[in-house]
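The values are calculated or read from the model by the stated rules, or taken from the named source; none is laboratory data. Predicted, not measured: the structure shown is a model, and the values here were computed from it. All Cβ positions, even for glycine, are placed from backbone atoms using ideal geometry, and neighbour counts span all protein chains on display. In case anyone asks, the SASA skips ligands and DNA or RNA and just uses the protein heavy atoms, side chains included. Shrake-Rupley method; radii C 1.70, N 1.55, O 1.52, S 1.80 Å.
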Amino acid sequence: MKRLEGKVALVTGAGSGFGLGIVEKFAAEGAKVAIVDIKEDAAKAAAGRIGAAAIGLAADVSKAADVKDAVKKTLDAFGRLDIVVNNAGISHRNRPMLEVDEAEFDRIFAVNVKSIYLFAQAAVPVMRQGGGGVFINVGSTAGIRPRPGLTWYNGTKGAVHTLTKSMAVELAPDRIRVCALAPVAGETPLLATFMGEDTPQKREQFINSIPLGRFSKPEDIANAALYLASDEASMITGVVLEVDGGRCI
Ligand SMILES: NC(=O)c1ccc[n+]([C@@H]2O[C@H](COP(=O)([O-])OP(=O)(O)OC[C@H]3O[C@@H](n4cnc5c(N)ncnc54)[C@H](O)[C@@H]3O)[C@@H](O)[C@H]2O)c1
């Protein structure tokens with residue numbers, strides 16, 4: 001028996017990086033997956049590689065109409081929705097906090113935080129009707145042990161962690177579990193943004209702050225998401241699981 005047999009998952013930002021790793025893992029474990037990304041080509045290409053168990057959907061997770069539409073299309077395609085992974089996220093480039101302008105600040109909060117509100121609005125009623133569900137919100141070690149130069153991004157991830165715990169207690173009576181993942185710096189296209197510049201020296205500096213001595217990989221995040229999404233974690237809610245090689249100790 002595969003670990004997500006019979007489940008339907010919607011994963012945002014799944015055209016690339018951690019989200020792509022998550023949908024590949026979920027599909028291999030028997031789930032039907034809706035791959036949601038602002039980059040339609042990336043979402044459709046990923047769905048094409050996975051096959052009939054996947055659909056690729058274009059949506060901006062900061063826009064209510066797009067989020068509603070993505071949930072509706074997932075229900076139209078697969079008939080139910082058990083798991084939502086709020087993974088799509090962006091950051092300002094690593095730089096002094098006063099150099100990030102208001103428009104960029106607003107955009108980062110809209111994509112990283114407001115999206116969780118919008119997916120709650122769209123998916124909680126569906127999960128209630130289905131008798132339960134799971135949200136996994138992708139936070140970050142940035143929300144636990146902030147690095148300089150990423151102040152406003154760090155703040156979004158603190159919000160993700162607090163929202164996760166608050167949603168968990170409020171939705172527990174509905175058998176809806178809500179957990180977060182807190183990855184350490186990972187080998188994805190976002191890494192250069194976090195480091196400010198992608199040089200061997202910067203990479204060494206970041207890796208030196210991770211006791212296990214390497215960056216995280218999409219597969220690490222996918223394995224943790226798989227556990228939290230599966231029935232093996234049926235007594236677990238409100239956790240912020242660090243996938244960080246010891247960075248936050
Ligand atoms: N890579 C890291 O070092 C790291 C560490 C900790 C946490 N995270 C978090 O992990 C998550 C995934 O990041 P990643 O590293 O895989 O980055 P990534 O850039 O590889 O992937 C993010 C995906 O989200 C999509 N996206 C961006 N804005 C969107 C929007 N408005 N609507 C829909 N899709 C949108 C992008 O097109 C991209 O495909 C983010 O929430 C990020 O903050 C990343």
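For every residue, the table says whether it meets (1) closer than 26 Å to Gly15 by Cα; (2) among the aromatic types (Phe, Trp, Tyr); (3) away from the ligand (no atom under 12 Å from the Cβ).
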residue: Val111; (1), (2), (3): yes, no, no
residue: Gly133; (1), (2), (3): yes, no, yes
residue: Leu190; (1), (2), (3): yes, no, no
residue: Lys202; (1), (2), (3): no, no, yes
residue: Leu212; (1), (2), (3): no, no, yes
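Can you work out which of the residues in region 31-56 that are assigned to a strand (DSSP E or B) and among the charged types (D, E, K, R) is surrounded by the fewest Cβ atoms within 10 Å (Cβ to Cβ)? Reasoning before the result, please.
Going through region 31-56, the residues assigned to a strand (DSSP E or B) turn out to be 32-37, 54-56.
Imposing the further condition that a residue be among the charged types (D, E, K, R) reduces the set to 32, 37.
Numbers: Lys32: 24, Asp37: 28.
Among residues in region 31-56 that are assigned to a strand (DSSP E or B) and among the charged types (D, E, K, R), the one surrounded by the fewest Cβ atoms within 10 Å (Cβ to Cβ) is Lys32.
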Any hit, region 181-188, residues being at pLDDT 95 or above, open to solvent by 60 Å² or more (accessible area, probe 1.4 Å) and out of contact with any His (no Cβ under 6 Å at 6 or more places or on another chain):
no
Which ones in region 172-192 are in contact (Cβ under 8 Å) with a residue 60 or more places away in the chain and more than 23 Å from Asn94 (Cα to Cα)?
Ala172, Arg177, Val178, Cys179, Ala180
For region 71-93, name all the residues that are open to solvent by 40 Å² or more (accessible area, probe 1.4 Å) and within 30 Å of Met195 (Cβ to Cβ).
Ile90, Arg93
From the list Leu163, Leu150, which one is over 18 Å from Val239 (Cα atoms), within 16 Å of the ligand (Cβ to nearest atom) and touching a helix residue (DSSP H, G or I) at 6+ places or on another chain (Cβ under 8 Å)?
Leu150
